[in-house]
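Here's the structure we're looking at; comments come further down.
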Amino acid sequence: MIRQFFLMKLVYFFAMVACLFSFSFTVKQVKIKNGNIDTLLYPEEKNFKNIQQLTNGGDNAEAYWSYDGQYIVFQRTSVKDNVPCDQIFVGKVPKTGESFQYKMISTGKGRTTCAFFTKDNRVLYASTHKGDDNCPPLPDRSKYGNRYIWPIYNSYDIFITGMDGKNLKQLTNTPGYDAEATISADGKQMIFTSTRNGDLDLYVMDLKTGKVNQITTALGYDGGAWFSPDGKKIVWRASRPKGDAEIKEYKELLKEGLVAPTQMEVFVADADGKNAKQITSLGQANWAPNFMPDGRIIFCSNHEYKRGFPFNMYSMTADGLNMQKISRDKGFDAFPMFSPDGKKIIFSSNRNNGGTRDTNIFIADWEE
């Protein structure tokens with residue numbers, strides 16, 4: 001979902017389009033380091049109770065629940081643990097006071113992104129390993145005025161594997177980028193982003209038949225899509241370049257396998273892409289949207305901050321109204337997902353990282 005936004009440490013501060021020594025924290029910790037507040041919970045964060053930090057160090061993000069609520073899957077980079085670019089990990093959700101144990105299930109080759117559970121506890125993820133065993137290079141931002149530029153690697157394809165990393169099967173095999181996959185609540189459909197027709201559009205695959213339908217056609221980046229709990233709607237992030245200069249820049253970057261994800265808004269539509277509607281007009285980067293259990297939408301945005309960060313999480317009704325600020329970290333909060341029973345939320349954040357750029361995974365009880 002969007003979902004693929006961090007490619008090394010800096011990437012965690014933007015899009016979309018996330019090990020071996022981790023611990024759980026069950027009490028609030030507050031300390032000052034290098035002028036920054038390290039805390040598990042900010043006083044204004046009224047919706048989070050009994051917050052736990054699951055990872056401690058490295059870049060950990062896009063953590064999502066299994067259908068039974070027992071496991072999470074996420075992507076991780078940790079140079080000190082010999083994970084130089086994102087790989088996919090699975091761990092069982094720990095009980096209070098237990099440490100979080102997890103293991104790599106991707107190949108360890110190439111770069112991965114955007115993992116998601118199937119209903120039978122297999123795992124989808126996108127990977128570049130068929131193109132090259134090595135981590136693909138990050139773009140030279142100096143060529144683009146040092147702006148934030150996100151690579152859309154043509155070698156990304158979507159794979160499915162068991163929770164032990166075995167029986168790997170390739171689901172997409174078309175020229176160009178295929179990634180950012182999530183699955184409908186009934187487990188039958190996969191929605192993902194692809195450049196197979198020359199633009200970054202949304203597609204839906206029937207997982208039983210493999211049939212694929214394109215459901216967006218407007219020029220711009222469509223990605224990070226999720227189905228609603230009843231499967232009738234989708235929500236996603238999109239850019240819509242306007243004017244000759246913006247359109248030219250978008251197309252030129254796309255030809256180079258790049259996108260500038262700094263201007264995105266949240267859209268909703270029917271599950272087949274019909275009746276699409278933009279529901280935010282906040283400016284800057286509004287992304288990582290997902291449905292809440294009651295049908296509202298939670299998303300990530302930097303619209304309050306002209307410098308481009310912090311990113312915080314906000315909720316709104318499905319028509320884009322009644323927006324409420326949910327999180328308050330001074331760096332980055334994003335990738336929210338509610339547990340299947342709606343009682344817990346998982347998200348990624350820069351909080352409590354000792355003044356580093358580390359991004360970690362947090363779980364909290366949700367309270368209205």
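The values are calculated or read from the model by the stated rules, or taken from the named source; none is laboratory data. Fair warning: this is a prediction, and the values are worked out from it, not measured in the lab. Because the Cβ atoms are built from the backbone with ideal geometry, glycine has one as well, and the counts that use them run over all protein chains shown.
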Just to be sure before I move on: is Thr262 surrounded by 12 or more Cβ atoms within 10 Å (Cβ to Cβ) and modelled with pLDDT under 95 in the structure I sent? yes
Going through segment 278-289 one residue at a time, which ones are assigned to a strand (DSSP E or B) and either farther than 19 Å from Glu45 by Cβ or in contact with a helix residue (DSSP H, G or I) (Cβ under 6 Å, 6 or more places away or on another chain) (or both)? Gln278, Ala285, Asn286, Trp287, Pro289
Top-ranked residue in segment 228-254 [being of a type in the set (D, E, K, R) and assigned to a helix (DSSP H, G or I); ranked as surrounded by the most Cβ atoms within 10 Å (Cβ to Cβ)]: Glu246
Gly145 fails exactly one of (1) on the phi > 0 side of the Ramachandran plot; (2) at pLDDT 95 or above, namely (2)
Filter result for the condition that a residue is under 21 Å from Ala115 (Cβ atoms), in contact with a Phe, Trp or Tyr (Cβ under 6 Å, 6 or more places away or on another chain) and among the aromatic types (Phe, Trp, Tyr), over Phe309, Phe338, Phe332: Phe332
Within segment 166-185, residues being under 25 Å from Asp68 (Cβ atoms) and more than 21 Å from the chain's Cα centre (by Cα) number 4
Which strands (runs of 3 or more DSSP E) does segment 30-72 wholly contain that include 1 or more residues that are of a type in the set (D, E, K, R) and either crowded, with 21+ Cβ neighbours inside 10 Å or modelled with pLDDT of 95 or more (or both)? 48-53, 59-65
Those residues that are of a type in the set (S, T, N, Q) and over 19 Å from Asp178 (Cβ atoms), I need them from segment 114-156; list them, please. Asn121, Asn134, Ser142, Asn146
Working only within segment 50-65, note down all residues that are touching a Cys at 6+ places or on another chain (Cβ under 8 Å) and not hydroxyl-bearing (Ser, Thr, Tyr). Gly58, Asn60, Glu62
Please enumerate the residues belonging to segment 73-83 that are surrounded by 14 or more Cβ atoms within 10 Å (Cβ to Cβ) and not small (Gly, Ala, Ser). Val73, Phe74, Gln75, Arg76, Thr77, Asp81, Val83
Can you spot a residue in segment 265-279 that is closer than 30 Å to Val90 by Cβ, at pLDDT 95 or above and among the polar types (S, T, N, Q)? no
Residues in segment 196-216 that are more than 15 Å from Lys277 (Cβ to Cβ) and over 19 Å from the mean Cα position of the chain (by Cα) total 14
Which numbered condition in (1) farther than 28 Å from Tyr153 by Cα; (2) within 18 Å of the chain's Cα centre (by Cα); (3) charged (D, E, K, R) is the only one that Asp333 fails? (1)
Wholly within segment 82-166, which strands (runs of 3 or more DSSP E) include no fewer than the required count, namely at least 1 residues that are out of contact with any Phe, Trp or Tyr (no Cβ under 6 Å at 6 or more places or on another chain) and of a type in the set (Asp, Glu)? 83-92, 157-161
Going through segment 175-216 in order, the residues found to be part of a strand (DSSP E or B) and touching an Asp or Glu at 6+ places or on another chain (Cβ under 7 Å) are Asp178, Gln189, Phe192, Thr193, Ser194, Asp201, Leu202, Gln214
Report yes if some residue within segment 191-208 is among the acidic types (Asp, Glu), over 20 Å from Phe335 (Cα atoms) and loosely packed, with under 15 Cβ neighbours inside 10 Å; otherwise report no. yes
